[in-house]
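For reference, the structure discussed in these notes is given below.
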Amino acid sequence: MEKLPLQAMGLRESLIFFMIPTLLLYTATHIGVPALSQATGLPPVVSWFICGGTIVFLPLFVAALVFYRLEGNLWQTSAILTRFRLSQLSWQTLGWTGLGIVGIGILTYGIVAAGQAIVPGLSAQPSFMSVSPLTSSNR
């Protein structure tokens, strides 16, 4: 199989590649989680992990492998790791990762605080992620 050169995506392709995961996420959260919770009696947060993994992340992983192969790359672990730019983490990379997580946490806190100042009682948490405290009947 001939290896194809990488080309930049246009706006239309970018929108398509953005909309597919968006629709999968919407399907998982608005259809999958409630349906699975109702059918099995599982807590919604557990249903989210199941639906998120199977409806959102598994198709994205499969699509990444399909497009990798369509590019004409070799089906070898080292080639896959190189193409997906996966390498051993350095202390510098871990430091930037930690700073990124802290920065995102601070900015998220600021956005939620600003939103609650404008709309009291505003919650950025999806309803299916709320977990009620355990009671004696749950133990």
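At-a-glance table
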item: Charged-residue dipole, Cβ positions (Lys, Arg, Asp, Glu), the chain about Cα centre, Debye nearest 20; result: 140 debye
item: Positive-pole candidate from Leu58, Pro126, His30, dipole of the chain, charges at beta carbon; result: Leu58
item: For Leu42, residues with placed amide H under 5 Å, excluding near neighbours; result: none
item: Helix 91-118 axis, angle to the chain major axis (alpha carbon atoms, nearest 10°); result: 40 degrees
item: Exposure proxy order (Cβ contacts within 10 Å, fewest to most) of Leu24, Leu42; result: Leu42, Leu24
item: Exposure proxy order (Cβ contacts within 10 Å, fewest to most) of Trp75, Trp48, Trp91; result: Trp91, Trp75, Trp48
item: Within the chain, helix-based [θ] at 222 nm, where runs of 4 or more DSSP H residues each add -39,500 (n - 2.57), nearest 500; result: -18500 deg cm²/dmol
item: Between helix 58-70 and the chain: long-axis angle, C-alpha atoms, 0 to 90°, nearest 10; result: 10 degrees
item: Principal-axis tilt of helix 11-27 within the chain, Cα atoms, nearest 10 degrees; result: 40 degrees
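No lab work stands behind these numbers, since they all come straight from the coordinates. Bear in mind that the values here come from a model prediction, so they are computed numbers and not experimental data. All Cβ positions, even for glycine, are placed from backbone atoms using ideal geometry, and neighbour counts span all protein chains on display.
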